[in-house]
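A.B. asks: Dumping the structure here so I can ask a few things about it.
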Amino acid sequence: MGKRNHMLYNSPALKWGDALPLGNGRLGAMIYGETDMERITLNDDSLWYGTAMDRNNPAYREKLPEIRKLIFEGKLHEAEEMIAQFMAGVPYSQRPYSFLGQLNMALNQHMPFAMGGREASKGPEEYEMDLDLMTGILKVDHKMDGVSYHREMFISNPAGVMCIRLSSDTKKAIRLELKLDRVTVSDAFIEDDRRPGMRSRGGGWPGTRVDFSRTIDDNTYLMAGNDAGVQFAAAFRVECDGELINPVSQLTASACREVTIYLTTATSNRFENPREEVVRVLNEAQKKGYESIRQEHISDFSSLMERCKLDLGEPAEGNLEQRLDALREGSKDPDLAALYFQFGRYLIVSGSRRGSAPLNLQGIWNADFMPMWDSKYTININLQMNYWLSWAGNLTDLHEPVFDLLETMHEPGKKTAEVMYGMRGMVCHHNTDYYGDCAPQDVYMASTPWVIGGAWLGMHVWEHYLYTGDKSVLERMYPIMRDMALFYRDFLIEKDGQLLTCPSVSPENRYYLPDGSDTPLCFSPAMDNQILREFFGACIEIEKILRTDQEFGETLQEMIKKLPKDQIGSEGQLMEWHEDYAEQCPGMGHVSHLYAVYPGCSINQKDTPKLMEAAKVSLNRRKEHGAGENAWPLAWYICLDARFRNGVNTDEEITRMLRDSASRSLLNASFVFQIDGNLGAAAGIAECLLQSHLGLDFLPALPASWEKGSCTGLLARGGHEVDLDWENGKLVRAVVRPGKDGEIPVIGQELSVTCKGKTVDVKKTENGFSFKALAKEEYNLSY
C-alpha cells in the first residue's frame, strides 16, 4: 500500500506539467526529481513584466449613451463595432505574470553546463520521489554505482527561503555543480524539457534576459535583471563538508558527503533593492541553520494542513502514476480523491499566504515569459474559484491576499469609473493584474464589456465574514464595497421599471439573433442580476453590522426590487439572457447563469425549488452538448451537482477530473495548466460532504462509491468546525465545534445531540432541527 497524503513516484518527471510544486506564497518552484541534471524552475509572485499603467480609454465615456441606444434598439453588431473601438484599453492588455529563472544542479557530471550535455549512464537504481503533503517536504532517494543519495527540499514561509540538502552514505561521493539561468521550458531547444543549458528558440543564449549572473563571493551566486522597470534578483548560497570551488560562472561542491543550498528571490515590486534583500535573507538563513529552518517550516506548514483531513480508505498499490493509470483503466481507488482534495489544500498553503499576491491562473507556478492568458487574474470565474476551497477547507486566513488585491484595485478602479464612464465609485472588468489594473482587457466581445467582476469579488468579503465572523474584515473592506455599489447605482439604467446592466455579456457565451447571426452582447443577463442581488444584499447586511450608511442601504434595497428576476425558458431551463435565445455554443463551459446555485445560494431547494429544477435542466443541457469534460468547467459542475444533491454525478465527475484533467503530479495540466481546476474540484469535494448555506447539511451529495470514510476539520458558515464519519454511504456520527454561541440549524433527519456526555435539547424546524450551542465546546450528533 502507498502512504496516505504522500505523492510517491519511482521515476523523475519528464515535463514541466508533471513536476511537483513547492512554495511559500511568494517563492514557487517546480521539481522534476532528476538525479543527474536537475532543473528547478523558479517563480516570484511579484515578478510581473512591466510596472503599473494607465490604460483607461477616455473616448468611451462619450460613446456609452450611443452604444446603449444601439443595444436597446437591437443593433447589436453596430454596438460591437463601437465597443471594439472606443472601449478597448490603451494598450489593450494588462501586464503578464513572468518567469524568474531556474536553478540547475548537475550531480557527478563532468561536462560543463554550456555544452548542454549529460553523461551516459545506466540510470539510477531504487529511485523514489516522495512529496509529503502534510509537511511540504519533498524527498528524492536513489542509488548509483553502489552509492545511496538522499535529497530533501522545501520552501519555508517563515524564513523566506528554499532549502535543499543533498547527502550520500559514502564520503566524498558528491560533486555538485550549481548555477542560475533564465531559459524557459518552452524556449529549450530539446526533445524534453529537463535539460538545462541549451540555446533557446527565442534567440540568444540562456542568461541573455538578465543583467548579472555570477558568484558574488566564494559561496553565493546571484542572478539579477530588469523586466521593463521591475528589478529582480535570485541568489543561492552553498555549504558543504568538502571543497567549494568558485569559477565565478558557477559554484561547484566537490568531494562532499553533504551539501546544503539556501535560495531566495526578490523584486522591486516589494523591495527597494532586490539584490541587497536576497543577500540579507540568505545571511539570516545561514545564521539560523538548516535544521532550525526545517523544524520551523514543518510547524508552520503542518499546522495549516492538519486542520482538515479526508480519509477514504487505504491507498491502492503502486506509485501515483501507476494508480492514475489503473483508474483510467477502470480500477477503484477512493483514496485518490482524498489525495486530490488534500493536494488542493496543499496548493493554497504553498501558493497563498499573508503578504503574498493572490493565486493567479497558474497559482505561482509558471514556466513562460508569455504564459497563456498572461497567467494573471481573470475575475469572471477563475480567481474566485481559486479561493472557494479556502472556506470549507479551513484555510480562511490564506484568503487574505484577495482583500489585498481589492485594496490595490480600489484607486485604479475609481479612476476607470471616472475616466471611462463619468461615474462615481469604482469599477473593474473581467481581468486585473498585480497592479490592480481595472481598465477593459482584450478586444474580445464575449468578455471585454463585463463590469460585474468587482461585485463577485465583493461577495468574497461577505462569505469570508460568514465563515469567520471577523468583523475587522468588514470594517476594512466596506469602503471598497460601497464604492462598487455606488458605481452600479450610477451604471444601472432604468427601463420599463427595471434596473438593467448595459452593455453586458454572459461570460463568455454567445446567442443567435432572429436573422441567424450571433452575438454575445446583451443587457442584464441572468448572472448580472444574480450577483448584484446577492452583492447589494451583502452590503445591506454589512451596513447593519457596522451600524453605518443606513440610508444607502435603503437605496440598495429599492434597487434590488427593480433588478430583473430569474426566468424559466421554453425547455424548462433557467434562462441565461433576458429573452429565450438559442445558444451559439450549447456546450459552453461557462454556466454563468447558474451563479445563484453555486457559488451563490439565492437559488436553492428551500426558497426557490422551481428555479432549482430549472437550473438542473440548464446544467444537463450543457453536459449533453459536451460541456464540462475536464478542467475548471468540470470542477464547477462538481460544485453544482453537490448543490443538486446528486452523489452519482459528483462521483463520476470527481473520477473524470482525476482521469482526464490530472497530470502525473495531479495538476490540472492535461492541456494548459490552470490551478482553478484543482482548487475548484477540491472545493466541490468539500461541498459533497458538508454544506452550510441553509444550515449544517451533512453528506448532501456523498459520491456513490465512497461507501465508508471520515473527515475532520471541515469549516461551515458560522465558524463551526465539523467532523463526519459514515458507513455504507450513511452518516454514523458528526462532531460540531461551534465557532460562536447560538442556535445551530441542521438540515435533515433529527439526530441525538450530546455535549460532555449530557443530552442537549433539540428543536424541530421546517427542514430539520436545531440546537443551542456554546463556542469552544464539542457536540456529538448521532442516530
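A.B. asks: Sort 308-317, 651-660 for me by packing, meaning the mean count of neighbouring Cβ atoms within 10 Å per residue, highest on top.
C.D. replies: In decreasing order of mean packing, 308-317, 651-660 become 651-660, 308-317.
A.B. asks: Enter the per residue convex hull volume of the stretch 651-753, computed from alpha-carbon coordinates, in Å³ rounded to the nearest integer. Numbers along the way, then the final one.
C.D. replies: Details: hull volume 11.5 nm³, N = 103.
Here the figure is 112 Å³ per residue.
A.B. asks: Something else: By a straight-distance test (C-alpha under 19 Å), which lysines pair with Lys763 as possible cross-link partners, with residues fewer than eight away in the same chain excluded?
C.D. replies: Lys606, Lys740, Lys772
A.B. asks: Also, quick follow-up: Report Rg(Cα)/(2.2 N^0.38 Å) for the stretch 384-423, keeping two decimals.
C.D. replies: 1.60
A.B. asks: If you don't mind, another one. Can you give me the accessible area per residue for the stretch 657-783, using a 1.4 Å probe, in Å²?
C.D. replies: 40
A.B. asks: Beyond 25 Å between alpha-carbons counts as too far, so tell me which of Lys415/Lys471; Lys309/Lys376; Lys3/Lys143 fall in that bin.
C.D. replies: Lys415/Lys471; Lys309/Lys376
A.B. asks: Semi-axes of the stretch 420-478's equivalent ellipsoid from the Cα gyration tensor, sqrt of 5 times each eigenvalue, largest first, rounded to whole Å? The partial results should precede the final answer.
C.D. replies: Numbers: eigenvalues 141, 32, 20 Å².
Semi-axes (√(5λ), whole Å): 27, 13, 10.
A.B. asks: Compute the separation of the alpha-carbon centres of the stretch 232-303 and the stretch 427-449 and state it in Å as a whole number.
C.D. replies: A separation of 38 Å, based on Cα centres.
A.B. asks: A follow-up question, please. Using just the alpha carbons, could you tell me how many Å³ per residue the convex hull of the chain encloses? Please report the intermediate quantities before stating the final value.
C.D. replies: Values: hull volume 129.0 nm³, N = 783.
About 165 Å³ per residue, rounded to a whole number.
A.B. asks: Follow-up. In cubic angstrom, how much convex hull volume per residue do the alpha carbon atoms of the stretch 496-629 span?
C.D. replies: Measuring per residue, one finds 123 Å³ for the Cα hull of the stretch 496-629.
A.B. asks: With just the Cα atoms of the stretch 598-728, tell me how far they stretch along each of the three principal axes, in Å, largest first.
C.D. replies: Projected onto its principal axes, the Cα set of the stretch 598-728 covers 38, 34, 28 Å.
A.B. asks: Let me ask something else. Leaving out ligands, DNA and RNA, what percent of the accessible area of the chain is carbon and sulfur, probe 1.4 Å?
C.D. replies: 47
A.B. asks: So what are the three principal axis dimensions of the stretch 2-44 from its Cα atoms, in whole Å, longest to shortest?
C.D. replies: Cα extents, longest axis first: 33, 27, 16 Å.
A.B. asks: Sticking with this one: Quick one: Debye curve from the alpha-carbon atoms of the stretch 325-448 only, equal weights, vacuum; give me log10 I(q)/I(0) at q = 0.15, 0.21 Å⁻¹ to two decimals.
C.D. replies: For the stretch 325-448, the Cα-only Debye profile gives -0.79, -1.20.
A.B. asks: Now, a different point. Mind giving me the nanometre distance, one decimal, between the label points for Glu126 and Glu579, set 7 Å out from Cα along Cα→Cβ?
C.D. replies: It works out to 7.4 nm between the two label points.
A.B. asks: Hey, another quick one. Over its Cα atoms, what ratio of radius of gyration to 2.2 N^0.38 Å does the stretch 667-722 give?
C.D. replies: 1.32
A.B. asks: Still on this structure: Counting just the Cα atoms, what span does the stretch 531-603 cover along each of its three principal axes? Round to the nearest Å and put the largest first.
C.D. replies: Rounded to whole Å, the extents work out to 46, 22, 17 Å.
A.B. asks: Using protein chains only and a probe of 1.4 angstrom, how many square angstrom of Trp706 are accessible, to the nearest 10?
C.D. replies: Rounded to the nearest 10, that gives 10 Å².
A.B. asks: Something else about it: Based on the alpha-carbon gyration tensor of the stretch 250-293, what equivalent-ellipsoid semi-axes (square roots of 5 times the eigenvalues) come out, in whole Å, largest first?
C.D. replies: Equivalent ellipsoid of the stretch 250-293: 25, 14, 7 Å, largest first.
A.B. asks: Let me ask you something else. Please express the Cα-Cα pair-distance distribution P(r) of the stretch 249-325 as a list of whole percents, one per 10 Å bin, running from 0 to the bin with the greatest distance.
C.D. replies: 13, 23, 29, 23, 12, 0
A.B. asks: What number, in nm² with one decimal, is the all-direction average of the projected area of the convex hull of the alpha-carbon atoms of the stretch 408-506? List each step's numbers first, then the result.
C.D. replies: Details: hull surface 29.0 nm².
With the hull built on Cα positions only, its mean projection is 7.2 nm².
A.B. asks: Given the stretch 244-399, what whole percent of its Cα pairs are spread farther than 26 Å?
C.D. replies: 51
A.B. asks: Need one number for the stretch 202-277: average projected area of the convex hull over its C-alpha atoms, nm².
C.D. replies: Over every viewing direction, the Cα hull of the stretch 202-277 projects on average to 6.0 nm².
A.B. asks: How much FRET efficiency would the formula 1/(1 + (r/R0)^6) give for Asp761 and Thr555, where r is the Cβ-Cβ distance and R0 is 41 Å, rounded to 0.05?
C.D. replies: Calculated value: 0.45.
The values are calculated or read from the model by the stated rules, or taken from the named source; none is laboratory data. Computed from a predicted model, the values in this text were never measured in an experiment. Please note: Cβ atoms are built from the backbone with ideal geometry, for glycine as well, and neighbour counts cover all protein chains shown. With ligands, DNA and RNA removed, areas are computed over all heavy atoms of the protein, side chains included. Shrake-Rupley method; radii C 1.70, N 1.55, O 1.52, S 1.80 Å.
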